[in-house]
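Notes follow the structure.
The values are calculated or read from the model by the stated rules, or taken from the named source; none is laboratory data. Nothing here was measured: the structure is a model prediction, and the numbers come from that model. Here the Cβ positions follow ideal geometry from the backbone for every residue, glycine too, while neighbour counts run over all protein chains shown. Areas reflect the complete protein model, heavy atoms only, side chains present, ligands, DNA and RNA absent. Shrake-Rupley method; radii C 1.70, N 1.55, O 1.52, S 1.80 Å.
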Amino acid sequence: MRPVVTLELLAVPAEVSGVRRALRSYGIDVQLCASELVTNVIRHIGDGAPVTVRVWREEGGRVRLAVTDPDPRALPVLVAAAGAEAESGRGLALLDVLAVRWGVEQEAGRKTVWCELFAEAGAPGTPERPGRRNPSAGALGQASARS
């Protein structure tokens, strides 16, 4: 299936709010996850890295979000728990709670971190979304799926 939205940008802090605005019609969960994934590129790959953000609708009212960057070696790590004083380390935990499943696809010269979410109720062409599911025990590099 072809993406409904494709954004090509340089990963800089000023672009994060633009990504959120561009994805507003998909709901707050999609905006939060996109924002976190682009911020991770800035933090772990570097300011100004080229990024492609893609969004498309899946069967069953899901939205698939994918963020591609040029470093296949810098893999996301789901931290068990960030302390109350920690300034970072909660983003992927948030994504893990919001997403139905998520994972990483590595290719030569790039990687894509993707997630599937239930679209917000009221989003165009989207049925009412079910309630939250239990957090997964997803492993790095594998899809995180909930039962």
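At a glance:
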read-out	value
Residues (hydrophobic (A, V, I, L, M, F, W, C) and either open to solvent by 30 Å² or more (accessible area, probe 1.4 Å) or free of Cβ contacts under 8 Å to residues at least 12 places away in the same chain (or both)) located in region 20-30	ALA22, ILE28
Per-region count, region 1-42, residues within 19 Å of LEU92 (Cβ to Cβ), under 15 Å from the mean Cα position of the chain (by Cα) and in a helix (DSSP H, G or I)	18
Residue count for region 1-15, restricted to those that are open to solvent by less than 40 Å² (accessible area, probe 1.4 Å) and either under 21 Å from LEU78 (Cα atoms) or among the small types (Gly, Ala, Ser) (or both)	1
Among (1) modelled with pLDDT under 50; (2) open to solvent by less than 20 Å² (accessible area, probe 1.4 Å), the one test that ALA99 misses	(1)
Residue that is nearest to the chain's Cα centre (by Cα) [pool: residues in region 44-67 that are acidic (Asp, Glu) and at pLDDT below 90]	GLU58
Residue selected from region 86-96 under the condition modelled with pLDDT under 90 and not small (Gly, Ala, Ser), by the criterion least open to solvent (accessible area, probe 1.4 Å)	LEU92
Residue pairs meeting the criteria (Cβ under 7 Å; at least 6 apart or on separate chains; first on the phi > 0 side of the Ramachandran plot and at pLDDT below 90, in region 68-85; second of a type in the set (Gly, Ala, Ser) and assigned to a loop (DSSP other than H, G, I, E, B))	none
Residue count, region 53-68 (criterion: part of a strand (DSSP E or B) and surrounded by fewer than 16 Cβ atoms within 10 Å (Cβ to Cβ))	1
Residue list for region 31-66, restricted to those being out of contact with any Asp or Glu (no Cβ under 7 Å at 6 or more places or on another chain), among the polar types (S, T, N, Q) and either without any contact (Cβ under 8 Å) to a residue 40 or more places away in the chain or closer than 17 Å to GLU105 by Cβ (or both)	GLN31, SER35, ASN40
